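Participant: Below you'll find the structure I mean.
The values are calculated or read from the model by the stated rules, or taken from the named source; none is laboratory data. Small disclaimer: the values here were computed from a predicted structure and weren't measured. Here the Cβ positions follow ideal geometry from the backbone for every residue, glycine too, while neighbour counts run over all protein chains shown. These accessible areas exclude ligands, DNA and RNA; they are computed on the full protein's heavy atoms, side chains included. Shrake-Rupley method; radii C 1.70, N 1.55, O 1.52, S 1.80 Å.
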Amino acid sequence: MHEKYILHVDMDAFFASIEQRDNPEYRNKPLIVGGRTRGVVSTCSYEARKFGIRSAMPIFEAKRRCPHGIFISPRGKVYHEVSKEIHAVLQNYSPLVEMASIDEAYLDITGLENLLGSPLEIARALQQEVFIKTNGLTCSIGIAPIKFLAKIASDEKKPHGIFMISHADMPSYLKELSIAKIPGVGKKFLEELKKLGIKKCADVIGLEKTFWEQKFGKAGIMLYERASGIDEREVQPFTERKSESAETTLAENITDKAVLKKWLLVHAERVGTGLRKQNLKGRTISIKIKFADFKQITRQLTLDKQTNATDTIYQNACLLLDEIVLTKSVRLIGLGVSGFDELTENKQLSLFSVLDDKEEAKEYIEEKRNHLDATLDILREKYGKTAVIRGKLFSKE
């Protein structure tokens, strides 16, 4: 029997590294990707991290810490194309590849020793091929018998490092592992654990599993199992999409709903196009609002039938916005569609069903919208995203 090993491949400062690769003037300088004036940091170069800048930090805070830094907006399409190139490389090393995000993946390499060598040899070859195929992008790789330890290991020797936790080393490594490094242990959970004097995995397994279950429920069971080296999750080559969404941090705080509705239409266009490309339809429409004080609310509604029509998504998002009383200005607005499971359809027609006039009208409108969207998708695919612009979005600005 072959010992089980999982690799976690994590690209180093992915967005920033791509920008530094493509723009020599950014190299060896503190580069922050995420926006020039608003929003949050998507990622930053290692030169910027020396100033305490990190992902999800507000741009204004990053500017305070590093006023001489270079701030740029992300190029999402470019990053996705590079991610596809990396995924193609990973497929050469295992039939079981799970893309956990745009810049990280898990590979199950169990039983591949005779073909590709030891886990360390596989990791080195993979790392080198990614570097060559992406024209200089680096990745860090963690190797471990279980998933969550592979993820932790990939962070041990960043950037461009490899760290392996063998079956023999796993018990001693876990014993000294800080609970703060365990995925799923957030700030609030960590605070509660510190009150109990729990700092390392050894402290966790010093108490019975029943204690953790009674104290914290499922989170307590997860903590005890991880501290004990239990993680039964397998590498999943395909994860079904659960939602499609888009959001924007506004250049200025806004209270005008007419302007916010224009942003909802922009997002409905993007989300609708994404759904149609994947041949998906959803029933649940949701919007997200983040206010100037960073407090956030979400609202959602469920349709009778699934849709991917831009206008249907937009109009229902507007209904949700109309129900919100804006007592504070808005800094971020987002829109999402979920509920893709076909079993959620609750108004299926039998062979002998007869639509009333109102239902017939709805069906007709939806059909017209689908036809329009299909035509727009073809034109934009051929001539570019700005080839056709809806009248509500057209302006000289």
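Participant: Output the qualifying pairs, or none if there are none: Cβ atoms under 6 angstrom, residues six or more apart or on different chains, first residue in region 164-188 and farther than 23 Å from Ala123 by Cα, second residue outside any helix (DSSP H, G or I) and of a type in the set (A, V, I, L, M).
Facilitator: Close Cβ pairs (under 6 Å, with a partner that is outside any helix (DSSP H, G or I) and of a type in the set (A, V, I, L, M)) amount to Ile179/Val185.
Participant: Whether any residue in region 288-304 is touching a His at 6+ places or on another chain (Cβ under 8 Å), at pLDDT 90 or above and surrounded by 18 or more Cβ atoms within 10 Å (Cβ to Cβ) is what I want to check.
Facilitator: No.
Participant: Enumerate the pairs (first residue in region 363-386 and of a type outside the set (S, T, N, Q); second residue anywhere and modelled with pLDDT of 75 or more and open to solvent by 100 Å² or more (accessible area, probe 1.4 Å)) with beta-carbon separation below 9 Å, excluding pairs fewer than 6 apart on the same chain, so at least 6 apart or on different chains.
Facilitator: Going by the 9 Å Cβ cut-off, the qualifying pairs are Asp377/Lys277.
Participant: What number goes with the only condition from (1) open to solvent by 80 Å² or more (accessible area, probe 1.4 Å); (2) closer than 23 Å to Ile6 by Cβ; (3) charged (D, E, K, R); (4) assigned to a helix (DSSP H, G or I) that Lys215 does not pass?
Facilitator: Among (1) open to solvent by 80 Å² or more (accessible area, probe 1.4 Å); (2) closer than 23 Å to Ile6 by Cβ; (3) charged (D, E, K, R); (4) assigned to a helix (DSSP H, G or I), the lone unmet condition for Lys215 is (2).
Participant: Checking the condition within 21 Å of the chain's Cα centre (by Cα) and open to solvent by less than 60 Å² (accessible area, probe 1.4 Å), which residue from Phe148, Phe189 passes?
Facilitator: Phe148
Participant: Before we move on, is Val325 part of a loop (DSSP other than H, G, I, E, B) and either under 25 Å from Lys392 (Cβ atoms) or modelled with pLDDT of 95 or more (or both)?
Facilitator: So Val325 fits the description; yes.
Participant: Okay, next question. Which residues, taken from region 1-43, are open to solvent by less than 10 Å² (accessible area, probe 1.4 Å), among the β-branched types (Val, Ile, Thr) and over 30 Å from Arg233 (Cα atoms)?
Facilitator: The answer is Ile18, Ile32, Val33, Val41.
Participant: Can you run down the residue pairs with Cβ atoms below 7 Å, 6 or more apart or on separate chains, where the first is in region 108-137 and within 18 Å of Gln91 (Cβ to Cβ) and the partner is acidic (Asp, Glu) and open to solvent by 20 Å² or more (accessible area, probe 1.4 Å)?
Facilitator: Final answer for the pair search is Lys133/Glu85; Thr134/Glu85.
Participant: Of all the residues that make up region 151-186, how many are over 18 Å from Lys199 (Cα atoms), within 20 Å of the chain's Cα centre (by Cα) and of a type outside the set (D, E, K, R)?
Facilitator: 1
Participant: In the set Glu61, Glu121, Glu113, Glu129, which member is over 19 Å from Val33 (Cβ atoms), at pLDDT below 95 and not hydrophobic (A, V, I, L, M, F, W, C)?
Facilitator: Glu113
Participant: Please determine whether any residue of region 44-51 is surrounded by 15 or more Cβ atoms within 10 Å (Cβ to Cβ), touching a Phe, Trp or Tyr at 6+ places or on another chain (Cβ under 8 Å), at negative phi and not in a loop (DSSP other than H, G, I, E, B).
Facilitator: no
Participant: Let me ask you something else. Looking at region 229-253 only, could you name the residues that are more than 30 Å from Ser73 (Cβ to Cβ) and open to solvent by less than 50 Å² (accessible area, probe 1.4 Å)? Give the derivation first.
Facilitator: Initially, region 229-253 is screened for residues more than 30 Å from Ser73 (Cβ to Cβ), giving 229-238, 240.
Within region 229-253, Gly229, Asp231, Val235 meet the criteria.
Participant: Just to be sure I understand the filter: pairs with C-beta atoms under 8 Å, separated by 6 or more residues or on different chains, first member in region 223-236 and free of Cβ contacts under 8 Å to residues at least 60 places away in the same chain, second member open to solvent by less than 50 Å² (accessible area, probe 1.4 Å) and part of a loop (DSSP other than H, G, I, E, B). Which pairs pass?
Facilitator: That search, which allows pairs on different chains as well, returns Leu223/Ile182; Leu223/Val185; Glu225/Asp231; Ala227/Leu177; Ala227/Ile182.
Participant: Also, I was wondering about something else. Tell me, yes or no, whether region 251-259 has at least one residue that is touching a His at 6+ places or on another chain (Cβ under 8 Å), of a type in the set (D, E, K, R) and at pLDDT below 95.
Facilitator: no
Participant: Please list, ordered by first then second residue, the pairs with beta carbon atoms under 7 Å, 6 or more apart or interchain, first in region 289-313 and in a loop (DSSP other than H, G, I, E, B), second at pLDDT 90 or above and among the hydroxyl-bearing types (Ser, Thr, Tyr).
Facilitator: Qualifying pairs under 7 Å: Ala292/Ser329.
Participant: Would you please name the residue that is nearest to Ala153 (Cα to Cα), looking only at residues in region 177-186 that are in a loop (DSSP other than H, G, I, E, B) and open to solvent by 50 Å² or more (accessible area, probe 1.4 Å)?
Facilitator: Ranking the candidates gives Pro183 first.
Participant: Please verify whether region 2-24 includes one or more residues that are more than 21 Å from the chain's Cα centre (by Cα), under 19 Å from His160 (Cβ atoms), among the basic types (Lys, Arg) and not in a helix (DSSP H, G or I).
Facilitator: For region 2-24, residues more than 21 Å from the chain's Cα centre (by Cα), under 19 Å from His160 (Cβ atoms), among the basic types (Lys, Arg) and not in a helix (DSSP H, G or I): absent.
Participant: Kindly indicate whether Ile32 is among the hydrophobic types (A, V, I, L, M, F, W, C), assigned to a strand (DSSP E or B) and over 30 Å from Arg124 (Cβ atoms).
Facilitator: Yes; evaluated as a whole, the condition is true for this residue.
Participant: For Ala202, work out the one condition from (1) open to solvent by less than 20 Å² (accessible area, probe 1.4 Å); (2) more than 25 Å from the chain's Cα centre (by Cα); (3) hydrophobic (A, V, I, L, M, F, W, C) it doesn't fulfil.
Facilitator: Here Ala202 clears every test but (1).
Participant: Go through region 64-81 and count every residue that is open to solvent by less than 80 Å² (accessible area, probe 1.4 Å) and under 10 Å from Val33 (Cα atoms).
Facilitator: Within region 64-81, residues that are open to solvent by less than 80 Å² (accessible area, probe 1.4 Å) and under 10 Å from Val33 (Cα atoms) number 5.
Participant: Within region 266-274, does at least one residue satisfy the condition of being within 22 Å of the chain's Cα centre (by Cα) and open to solvent by 80 Å² or more (accessible area, probe 1.4 Å)?
Facilitator: For region 266-274, residues within 22 Å of the chain's Cα centre (by Cα) and open to solvent by 80 Å² or more (accessible area, probe 1.4 Å): present.
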